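To keep things clear, I will list the structure first and then write my remarks on it.
The values are calculated or read from the model by the stated rules, or taken from the named source; none is laboratory data. From a predicted model like this one, the values you see are computed outputs, not experimental measurements. Every residue, glycine as well, gets a Cβ built from its backbone with ideal geometry; the counts of neighbours run over all protein chains shown.
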């Protein structure tokens, strides 16, 4: 492990739990704990799992016109976001490509942002460079972020004294005291399960994580299970399923574009989004179910039955819930219909697969 | 049954008469985690020493398995198709990958014995 890697406030906890640490986005992060990825994955679907996601970027936008300022960089309707509510949104480029996906919450007197770890420097620079004098961006580098995910997450929050958190609807946010520690909680996550993302001061992160892990329903889970869970849930990974070249239309993320924004066409990339909505995009993100057991990983070519190249797998692996391989990738719209037979070229061999709906495993959010 | 020999790529070899059985080591299966798929070579394929001839996939990633010795593949472990978890459960037993008829059995002399492999693992 390189000394140059950054660590999260939970570094020593991970090591004491026996985590296998790997480099991710410049951080030493737990890939898995002794239980292993599959067992951590299953535990999250059955009970509740705690993930350290402190490598992600947290920030605050404060000042007159903060929502309007952020709307100059995203197609989301930020101004319509009510206090106590959070939204999933995209940062888009003028050419319609996706710069990152992020969460934005209205906390009354400020907006709270969570951006991807790999993009956080670029995102915060980008946002800061486009703010009017009345709006300030403050990075919250002194805060940790953990995710408690799974059907038992709500009961765990209650047992920690977080009744306000347990009462939140999906995408609700509130300040909550958990095990005596003040935290900012949103009812959201990246697993398809009900759950919470909990922002806490770095100095109190380990105490809070230990209090959560002390609950008999909770087990720690690493980045490996986080990735297999989000893949089953059909959620995009920035840098794999969405990037500078993919548009919100191609990625199936038009729902993140506010209605008002789609009438005004006043966001970066509006021209491309509008053209693709009117004439159809060049390609679409689809779910894929390979036959047999061989996983088709990111980069696997997708071919038509006659051998014509259609596109590539962008995320692929083995679904512990389905005990079968699953993948997402891009194909031309003519091949995007459910049930379309395609071939995945795995190690030079064409593997039959079918286009299927995503998510692969139904979401269980608390609506 | 003879003792195991090991490669630096974490395969093991066990000679039984003229045929060598090959699998991946306990260290390798631990590092990989839950094995979800194994791709095995065709029976009859002639391989050279160090040639990638099988693939083992965990939830996270795919890894090549190399032929420890030159020779001809004479049998593969078809049980792994339905139960790849055998690689985790019994890496040096029921979780074997393939059997090879070595072109030159003396090649095995160059492989590590158990003590040497344990010492090698210490250096990683």
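For the subset of segment A:312-329 comprising residues that are away from every other protein chain (no Cβ under 14 Å) and crowded, with 20+ Cβ neighbours inside 10 Å, which member is farthest from residue B:60 (Cα to Cα)?
My answer is A:329.
For segment B:1-20, name all the residues that are surrounded by fewer than 20 Cβ atoms within 10 Å (Cβ to Cβ) and touching a residue at least 24 places away in the same chain (Cβ under 8 Å).
B:3, B:4, B:8, B:9, B:14, B:15, B:18, B:19, listed by residue number.
Identify, by number, the condition in (1) within 17 Å of residue A:293 (Cα to Cα); (2) in contact (Cβ under 8 Å) with a residue 40 or more places away in the chain; (3) over 13 Å from the mean Cα position of the chain (by Cα) that residue B:105 doesn't meet.
(1)
If I filter segment A:154-169 down to residues being surrounded by fewer than 20 Cβ atoms within 10 Å (Cβ to Cβ) and touching a residue at least 24 places away in the same chain (Cβ under 8 Å), which single residue comes out as farthest from residue A:194 (Cα to Cα)?
A:159
Look at segment B:43-55 and say how many of its residues are within 12 Å of chain A (Cβ to nearest Cβ) and free of Cβ contacts under 8 Å to residues at least 40 places away in the same chain.
Final tally of qualifying residues: 2.
Quick one: which of A:63, A:59, A:84 is buried (at least 20 other Cβ atoms within 10 Å of the Cβ) and either free of Cβ contacts under 8 Å to residues at least 12 places away in the same chain or more than 14 Å from the chain's Cα centre (by Cα) (or both)?
The match here is A:59.
If I filter segment A:270-280 for residues that are in contact with a strand residue (DSSP E or B) (Cβ under 6 Å, 6 or more places away or on another chain) and either over 22 Å from residue A:119 (Cα atoms) or surrounded by fewer than 23 Cβ atoms within 10 Å (Cβ to Cβ) (or both), do I get at least one hit?
no
If we scan segment A:281-291, do we find a residue that is within 14 Å of chain B (Cβ to nearest Cβ) and either in a loop (DSSP other than H, G, I, E, B) or surrounded by 22 or more Cβ atoms within 10 Å (Cβ to Cβ) (or both)?
Yes, some residue in segment A:281-291 is within 14 Å of chain B (Cβ to nearest Cβ) and either in a loop (DSSP other than H, G, I, E, B) or surrounded by 22 or more Cβ atoms within 10 Å (Cβ to Cβ) (or both).
I'm told residue A:20 meets every condition in (1) in contact (Cβ under 8 Å) with a residue 40 or more places away in the chain; (2) more than 23 Å from residue A:171 (Cβ to Cβ); (3) away from every other protein chain (no Cβ under 14 Å); (4) more than 20 Å from the chain's Cα centre (by Cα) except one. Can you identify the failing condition by its number?
Residue A:20 satisfies all of (1) in contact (Cβ under 8 Å) with a residue 40 or more places away in the chain; (2) more than 23 Å from residue A:171 (Cβ to Cβ); (3) away from every other protein chain (no Cβ under 14 Å); (4) more than 20 Å from the chain's Cα centre (by Cα) except (3).
Residue by residue, here is whether (1) part of a helix (DSSP H, G or I); (2) over 17 Å from the mean Cα position of the chain (by Cα); (3) at pLDDT 95 or above holds:
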{"residue": "A:147", "(1), (2), (3)": "no, no, yes"}
{"residue": "A:154", "(1), (2), (3)": "yes, yes, yes"}
{"residue": "A:165", "(1), (2), (3)": "yes, yes, yes"}
{"residue": "A:174", "(1), (2), (3)": "no, yes, yes"}
{"residue": "A:182", "(1), (2), (3)": "no, yes, yes"}
{"residue": "A:185", "(1), (2), (3)": "no, no, yes"}
{"residue": "A:193", "(1), (2), (3)": "no, no, yes"}
{"residue": "A:199", "(1), (2), (3)": "no, no, yes"}
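Taking segment A:330-349 as the region of interest, how many residues are surrounded by fewer than 15 Cβ atoms within 10 Å (Cβ to Cβ), part of a strand (DSSP E or B) and away from every other protein chain (no Cβ under 14 Å)?
1
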